[in-house]
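The values are calculated or read from the model by the stated rules, or taken from the named source; none is laboratory data. Model, not experiment: these values are computed from the prediction. Glycine gets a Cβ as well: all are built from the backbone with ideal geometry, and neighbour counts include every protein chain shown.
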Amino acid sequence: MTIWKENIELDKMDPDFLSIRSMFVSGSIATMYQLVSYSPTKVSKLLGLNYSAYHSKLVNPGQFSVLHINVLAYAIQIDPNIIHDIIQNQIEEKIQEKMKKFKKTK
């Protein structure tokens, strides 16, 4: 697990981010799109995105950059690998399709 240099006390964390953190930690988030109804304006602002771009990334989670993943993880004080693993599970089928196409073109 990534240990952030700055420790944020959970009782001082923004309540919206605390609820998002709780969902990630409990494993109740299976897809990034589940975040769509949890403070989307606040999260999109945190990530430096407008709402439309944020929504687009929720639909296509492979579009989240490493920076976006790390900023969100830092804000909610979790290991960024938790978010990355969720995204990877969502895009696994697309990755496999690309590999099949690649192997056919060899």
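Here is how the numbers come out for the structure above:
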read-out	value
All helices (runs of 4 or more DSSP H) inside segment 1-77 with 2 or more residues being modelled with pLDDT of 95 or more, of a type in the set (S, T, N, Q) and surrounded by 13 or more Cβ atoms within 10 Å (Cβ to Cβ)	15-26
Test result for Tyr33, farther than 18 Å from Asn89 by Cβ and among the aromatic types (Phe, Trp, Tyr)	no
